[in-house]
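To start, the structure under review is shown below, and the notes come after it.
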Amino acid sequence: MSDVTTNRERARIATGEELALLLHHSATDVLLALLDNPALDDAQLCLLLERKNLPGEILEEVARRKPLLKSYRVKRALAFHPRTPRLISLRLLRDLYLMDLVQVTLSPGVSAELKRNAEEQLLARLPQMPLGQKITLARRGPPRVAGALLAEGHIQIATIVLDNANVTEAQILKTLWREKLPTHVIQAIAQHRKWSITYNVRLALVRHPSSPLAMVLAFLPEITVSDLRELASPGIVSEGLRKYLQAEVHRRTRRSEKAARGGANPEGPPASEQG
């Protein structure tokens, strides 16, 4: 009888230290036999699933055995294993807890498809999610989910989302493209220590129809002439704001002309203004 055959037979009945040693065996047949061992508990199975070099056959067999998947620990370990077949991972995502889904979206080793699916799961759960979980997501969630929370308009959540290290400028801009956005969300962005000094965010704030006029006027001196001219085109902003934009363009143009004649520009616009 070969060593593999002997170990396979032992794997079905082993206990204690012998079972623990067999968890590290290299033969697929031996590992499959371990799954038939009534002494194999959830903790030991999770140790087996921590092996990143497990053959796909083992992972598929674990996924086929419904009694094994009654354990959330096993289900989670299988979902996170890099060699778990795609369809199995997608199926398991539906049963993961909130923060485990978040971990899927932020883990560098997870495929883009799984991350996207996990985000969709989180977005689908938002309407029924209690405030406490939303606050947790606002603090640590991925950009798309954080953006959806920001757009919901809860003032406490909005301030937390803006401090989320995962949130990108692109997500803030995407949120500001929504025409129906609560004014206090706009004000929270405009007053935030990071986003309030980001040029493209300022530009989006000036453009947004719900932005308070006083806030818009405070940002105008930092907007380039070329962007002001574009914003002042018909149909982009309200007629009332358009007049302010045109007046600012006229003021800057006259100042530039005067500076050019005098050979200096004592009150020149920001260095970024070359339009």
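Packing-based ranking of 235-244, 88-97 yields 88-97, 235-244, ordered from highest to lowest mean Cβ neighbour count within 10 Å.
Work out, step by step, the length gained on full extension between S256 and R64: first 0.36 nm times the residue separation, then minus their alpha carbon distance; give nm to one decimal. Using 0.36 nm per residue and subtracting the Cα-Cα distance, I get 61.7 nm.
Mean silhouette area of region 46-99, derived from the convex hull of its C-alpha atoms and averaged over all directions, reads 3.5 nm². Peptides 79-87, 65-73 ranked from most to least packed by the mean count of surrounding Cβ atoms within 10 Å: 79-87, 65-73. May I ask you to derive the relative contact order of the chain, considering only C-alpha pairs under 8 Å and at least 6 residues apart, and to give it as an integer percent? Computed over the chain, the figure is 8 percent. Fully extending the segment from Q44 to S210 would add 54.0 nm, taking 0.36 nm per residue of separation and subtracting the current Cα-Cα distance. A P(r) calculated from all alpha carbon pairs of the chain, with 5 Å bins opening at zero, reads 1, 5, 11, 11, 10, 9, 8, 7, 7, 6, 5, 5, 4, 3, 3, 2, 1, 1, 0, 0, 0 percent.
Readers should treat all values here as calculations from the given coordinates under stated rules, not as data from a laboratory. Just so we're clear, the structure is a prediction, and the values are computed from it rather than from any experiment. Reconstructed Cβ throughout: ideal geometry from the backbone, glycine too, with neighbour counts over all protein chains shown.
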